[in-house]
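Here is the structure we will look at, set down as structure tokens.
Rule-based calculations on the coordinates, nothing more; no lab input. All of these numbers come straight from a predicted model, not from anything done at the bench. Methodologically, a virtual Cβ is constructed for each residue, glycine included, from the backbone with ideal geometry; neighbour enumeration extends over all protein chains shown.
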Amino acid sequence: MTDPSKPSPTGPEVTKLAAKVAHELNNPLDAVLRFVSLAQRKVKSGDYADIDRHLADAQFGLQRMVEILRELMDIGRQTNDVLARQAPGQVALEELIARATRTTAAQAEQKRIRVEIHNALPSGIMPRYDLRVAQILANLLKNALDASPEGAVVTLAITAAGALLQLVVSDAGPGLNPDLLPHLFTAFVTTKPHGDGHGLGLAISRELALSLKGTLTLDNRPAPATGCIATLTLPIS
């Protein structure tokens with residue numbers, strides 16, 4: 001029996017994402033095997049020239065794989081933190097938000113960033129969702145905290161329009177290159193420095209949003225403000 005409290009697979013999209021991850025790991029793995037093989041041939045022939053270079057190239061490929069796997073484990077750790085407390089299939093939105101903010105509390109404290117929750121839902125609207133929403137929000141808040149400078153404010157605004165709920169995470173960072181915006185939900189596309197991320201969090205979050213019959217979008221904040229806004233839109237349940 002499927003546990004409704006856990007993120008459910010999203011069919012072909014998850015398969016596509018898994019294939020991208022496998023492809024990204026396969027490239028450096030293939031390079032590592034080739035460089036190790038070259039080094040072995042050199043040793044067997046008694047020719048020790050270039051061995052250091054071959055091993056350094058193999059080490060670089062291994063480091064690339066470690067970075068990718070570390071990011072996948074970080075995303076998994078966020079999910080485990082969100083799922084740490086057992087809950088029924090449908091959880092009040094307030095509790096889901098609380099779970100997401102608890103997951104990122106240490107990061108916010110380290111950077112002295114205040115996370116503000118602005119709940120503008122009309123009285124009487126008390127939506128409930130499963131824990132996929134908490135996972136998405138945890139990823140969006142983590143990205144907002146990464147982008148924002150120390151001492152800044154990150155906001156999560158909750159509004160309703162008709163039958164739709166909107167959760168908007170705003171950061172205080174420099175914003176995003178408009179040309180890059182349409183591609184940031186593609187796995188391994190990222191604005192972060194090398195080694196700080198591989199663009200998996202947003203790709204996974206978007207697939208989770210789609211599995212909830214919702215959408216996830218990114219945009220820059222209107223001038224003169226700087227920063228980025230991530231908008232999760234869901235049907236009100």
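Using each residue's phi in the range 105-111, evaluate 6.51 cos²θ - 1.76 cosθ + 1.60 at θ = phi - 60° and report the 3J(HN,Hα) Karplus result to the nearest Hz, with x for Gly and Pro.
4, 5, 5, 5, 5, 4, 9
Pop the C-beta distance of ASP50 and LEU25 into the FRET formula with R0 = 35 Å and round what comes out to the nearest 0.05.
Details: r = 26 Å, r/R0 = 0.74.
Between ASP50 and LEU25 the formula returns 0.85.
Tell me which residues come under 5 Å, amide H to amide H, from ASP130 once H is placed; ignore anything under 5 positions away on its chain.
VAL91
Taking K and R as +1 and D and E as -1, what net charge do the other residues with C-beta under 11 Å from the C-beta of GLY175 add up to? Don't jump to the answer; show the numbers that get you there.
Numbers: positive: ARG221; negative: ASP171, ASP219.
Surrounding charge for GLY175 is -1.
I need the calculated FRET efficiency for the pair ALA120 and GLN90, taking r as the beta carbon distance and R₀ as 22 Å, to the nearest 0.05. Could the numbers behind the result be given before it?
Working: r = 22 Å, r/R0 = 1.00.
Between ALA120 and GLN90 the formula returns 0.50.
Convert each backbone phi in the range 136-142 into a coupling constant with the Karplus relation 6.51 cos²θ - 1.76 cosθ + 1.60 (shift: θ = phi - 60°), then list the ³J(HN,Hα) values in order as whole Hz, x for Gly and Pro.
Going residue by residue, I get 4, 5, 4, 5, 5, 5, 4 Hz, with x marking Gly and Pro.
Mind giving me the FRET efficiency for LYS213 and LEU69? R0 is 22 Å, r the Cβ-Cβ distance, nearest 0.05 is fine.
Step by step, r from the Cβ atoms, then E = 0.10.
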